[in-house]
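The values are calculated or read from the model by the stated rules, or taken from the named source; none is laboratory data. Treat the numbers as computed from the prediction; the structure is a model and nothing was measured. When we count neighbours, we look across all protein chains shown, and the Cβ atoms used for this are built from the backbone with ideal geometry, even at glycine.
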Amino acid sequence: MKHSERTTGKLGAETGRNNANSLDLEQGQQAQHVLHTGGPFRLADIDISASGPRCKMLLGDLNGDGRAELLLVQPDDRQDVRYIPHQVQCLTAYDLSGRMLWQQGKPSLGAGSQGSDYPAQIYDIDGDGCLEVLCVMNDRFHILDGATGRIKEVHDLPDPHAHDCIIIANLSGGEHASDIILKDRYHRMWALNRKFELLWSHEGNIGHYPWASDLNGDGYDEVMAGYDLLDHRGRVLWSCRDLEDHADCIWVGDVDGDGATELVIGGSVTVMYDREGRERWRYEGSIESQHIALGRFRPELPGLQIAGLDRMIREDDGKGQKGKDALFLVDCEGKELWKEERTTSGWLTIAETLSSWRAGAPDYILAYRRGGGVYPALYDGHLNIVAEFRHEGYAVHGDLLGVGTEQVVIYDDELAVVYSGEAADLSAPPSGVPLPQPKRLYNSTLYPGGEADANLFSGA
Ligand SMILES: [Ca+2]
Ligand SMILES: [Ca+2]
Ligand SMILES: [Ca+2]
Ligand SMILES: [Ca+2]
């Protein structure tokens, strides 16, 4: 990497942007009309090399000043995470001007990589209006003050392997979700209340990242744990049938627009269930469906669409073939709208929903780690590229500035680049009003699941 080209905390716009298009958009035009015309604004380049290699980035307004910080989470040195997942080894927080706020732990050059989740979240667990960082370090569960990194609480784990990921849920029925679910790699999970007392445990084919959501509106979250839906007491309400392997990702949302929530599960196939456990459809046009993402990618169609990623040819199956994957989009009834035909190689793409790239824009598909020389990019509901991010790496996104649009951060081991669909001036002082921490950001996972929620998605 050419360090000479980098300016920490650099402000300003990408060259070559066509300002006329930004004006058009402000007047409410459809974003898909501005294909390939203006590059995204490059708001900041932030040197994150002091956080150590192979970090995962979390977002949240850690110091409550009205602007998000970047939290770099470095895993432990464990290399084989097939059975025992990572813990966290070091946390490093930066603000958007590139200043390091704090570091907890010590970075290691031998850190493992994203073969499993890193057990860390940013959330206001005590409900006092200030964010904490929750993580598992040194075999114990830690709660850190978000602004300073100071350790506020330490708790014993319910099991030595209970650190695959951290799920925040409302199992106690309070005003504020403050219960925590921990799990091992694939089979067992433990639900704990705010005092870290064990509420219940469960064993089953629980997948990567169980999703907690109040599906029936009774004030308690149900938990989709792999192929089983549990009530808030941990009892199995129903189970998916005729599915192989395990659930790679879980989304909830009112897909068909009838007012009731459905569940969409990606694994060997993509399948939709209603909340009573009736299968509504399955999409079998994929070989290995990964990273599904719900959104209103095609606002002219009813309901929500489901974007996904089919891993068509793996490179790790010993057959020596060049890997290949493909984005796809299906409608609310599970009918395929399109499937990508890649001319480049690459098989490890991650696809997520990005909402509100610009004011009035539909949801877009954020695809990254594509390989084959394809940069991270936003795709619209017709597979057109609407923004390309000319920095290779992992991506996170959120409303970093409290302006109602989402920015995208692309990062590698050394540099985080903040991109925006609209101009913004980071040299202006932040508002001083703490940013809310949306559910998507406090349920961060390598296996993106989610919730299509009126507050989070474009045009809902
Ligand atoms: Ca902040
Ligand atoms: Ca708090
Ligand atoms: Ca409920
Ligand atoms: Ca529905």
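For a quick check of your reading of the model, give me the residue pairs whose first member lies in region 233-258 and is within 16 Å of ligand 3 (Cβ to nearest atom), whose second is modelled with pLDDT under 90 and among the hydrophobic types (A, V, I, L, M, F, W, C), with beta-carbon atoms closer than 6 Å and at least 6 apart or on different chains.
That search, which allows pairs on different chains as well, returns 253/452.
Would you confirm, using the coordinates I've provided, whether residue 256 is in contact with a Cys (Cβ under 7 Å, 6 or more places away or on another chain) and either modelled with pLDDT under 95 or away from ligand 1 (no atom under 16 Å from the Cβ) (or both)?
Yes, satisfied.
For region 307-325, which residues satisfy the criterion of being surrounded by fewer than 21 Cβ atoms within 10 Å (Cβ to Cβ) and touching a residue at least 40 places away in the same chain (Cβ under 8 Å)?
Within region 307-325, 323 is the sole residue that qualifies.
Check 130, 55 and return the single one that is touching a residue at least 24 places away in the same chain (Cβ under 8 Å), surrounded by 17 or more Cβ atoms within 10 Å (Cβ to Cβ) and of a type outside the set (A, V, I, L, M).
That would be 55, the only listed residue that is touching a residue at least 24 places away in the same chain (Cβ under 8 Å), surrounded by 17 or more Cβ atoms within 10 Å (Cβ to Cβ) and of a type outside the set (A, V, I, L, M).
Name the pairs whose Cβ atoms lie under 6 Å apart, with the first residue in region 378-398 and over 19 Å from residue 338 (Cβ atoms), the second surrounded by fewer than 20 Cβ atoms within 10 Å (Cβ to Cβ), and 6 or more positions between them or separate chains?
What qualifies is 388/375; 389/375; 390/375; 393/412.
Based on this model, can you work out whether residue 326 counts as over 15 Å from residue 448 (Cβ atoms) and in a loop (DSSP other than H, G, I, E, B)?
It is false that residue 326 is over 15 Å from residue 448 (Cβ atoms) and in a loop (DSSP other than H, G, I, E, B).
Report yes if some residue within region 259-269 is farther than 25 Å from residue 444 by Cβ, touching a residue at least 12 places away in the same chain (Cβ under 8 Å) and in contact with a strand residue (DSSP E or B) (Cβ under 6 Å, 6 or more places away or on another chain); otherwise report no.
Yes - at least one qualifying residue is present in region 259-269.
Among the candidates 282, 311, which residue alone is at pLDDT below 90, on the phi < 0 side of the Ramachandran plot and part of a strand (DSSP E or B)?
311
Select, from 80, 76, 164, 159, the only residue that is more than 29 Å from residue 417 (Cβ to Cβ) and buried (at least 22 other Cβ atoms within 10 Å of the Cβ).
Result of the check over 80, 76, 164, 159: 164.
Go through 446, 366 for me and flag whichever is of a type outside the set (Lys, Arg) and part of a loop (DSSP other than H, G, I, E, B).
446
Filter region 189-217 for residues that are more than 16 Å from ligand 4 (Cβ to nearest atom), part of a strand (DSSP E or B) and closer than 22 Å to residue 438 by Cβ; which is farthest from the chain's Cα centre (by Cα)?
So in region 189-217, the residues more than 16 Å from ligand 4 (Cβ to nearest atom) come out as 189-212.
Then drop every residue that is not part of a strand (DSSP E or B), which leaves 189-192, 198-203, 211-212.
Filter once more, so that each one left must be closer than 22 Å to residue 438 by Cβ: 211-212.
On the way: 211: 12, 212: 15 Å.
In this case the residue turns out to be 212.
So, residue 447, is that one within 24 Å of residue 61 (Cβ to Cβ) and buried (at least 17 other Cβ atoms within 10 Å of the Cβ) or not?
The answer is no for residue 447.
I'm checking my understanding of the structure. Among residues of region 137-156 that are in a loop (DSSP other than H, G, I, E, B) and buried (at least 18 other Cβ atoms within 10 Å of the Cβ), which one is nearest to ligand 2 (Cβ to nearest atom)? So that I can check it myself, show each step before the final result.
Applying the first criterion (in a loop (DSSP other than H, G, I, E, B)) to region 137-156 yields 138-139, 146-150.
When the remaining residues are screened for being buried (at least 18 other Cβ atoms within 10 Å of the Cβ), the result is 146-147, 149.
Values: 146: 7, 147: 10, 149: 14 Å.
Here the answer is 146.
Given the options 425, 413, name the one that is charged (D, E, K, R), surrounded by fewer than 19 Cβ atoms within 10 Å (Cβ to Cβ) and either within 14 Å of residue 358 (Cα to Cα) or modelled with pLDDT under 95 (or both).
425
Which one of 169, 191, 162, 177 is in contact with a Phe, Trp or Tyr (Cβ under 6 Å, 6 or more places away or on another chain), within 16 Å of ligand 3 (Cβ to nearest atom) and under 30 Å from residue 238 (Cα atoms)?
On the way: 169 fails: in contact with a Phe, Trp or Tyr (Cβ under 6 Å, 6 or more places away or on another chain); 162 fails: within 16 Å of ligand 3 (Cβ to nearest atom); 177 fails: in contact with a Phe, Trp or Tyr (Cβ under 6 Å, 6 or more places away or on another chain).
Criteria check complete, one pass: 191.
Looking at residue 184, is it under 30 Å from residue 258 (Cβ atoms) and surrounded by fewer than 22 Cβ atoms within 10 Å (Cβ to Cβ)?
When the stated conditions are applied, residue 184 does not pass them.
The rows are residues; the columns are (1) more than 19 Å from residue 440 (Cα to Cα); (2) touching a His at 6+ places or on another chain (Cβ under 8 Å).
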| position | (1), (2) |
| --- | --- |
| 295 | no, no |
| 311 | yes, no |
| 319 | yes, no |
| 340 | yes, no |
| 350 | no, yes |
| 359 | yes, no |
| 363 | no, no |
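Write out, first by first residue and then by second, each pair whose Cβ atoms fall under 9 Å of each other, whose residues are 6+ apart or on separate chains, and whose first residue, in region 272-284, is among the basic types (Lys, Arg) while the second is more than 16 Å from ligand 3 (Cβ to nearest atom) and not in a strand (DSSP E or B).
From residues that are among the basic types (Lys, Arg), the pairs are 280/255; 280/256; 280/333; 280/334; 282/242; 282/243; 282/269; 282/334.
When you scan region 381-402, do you find a residue that is under 17 Å from the mean Cα position of the chain (by Cα), assigned to a loop (DSSP other than H, G, I, E, B) and more than 24 Å from residue 325 (Cβ to Cβ), even just one? Explain how you work it out, then say what you get.
Pass one, region 381-402, residues under 17 Å from the mean Cα position of the chain (by Cα): 393-400.
After this cut, where a residue has to be assigned to a loop (DSSP other than H, G, I, E, B) as well, the list is 393, 399-400.
Among the residues that remain, those that are also more than 24 Å from residue 325 (Cβ to Cβ) are: 399-400.
Yes; the residues of region 381-402 include at least one that is under 17 Å from the mean Cα position of the chain (by Cα), assigned to a loop (DSSP other than H, G, I, E, B) and more than 24 Å from residue 325 (Cβ to Cβ).
In region 336-351, what residues are under 25 Å from residue 247 (Cβ atoms), part of a loop (DSSP other than H, G, I, E, B) and without any contact (Cβ under 8 Å) to a residue 40 or more places away in the chain?
347, 348
Inside region 24-126, counting only strands (runs of 3 or more DSSP E) that do not spill past its ends, which hold 2 or more residues that are modelled with pLDDT under 95?
Where strands (runs of 3 or more DSSP E) fall fully within region 24-126, none carries at least 2 residues being modelled with pLDDT under 95.
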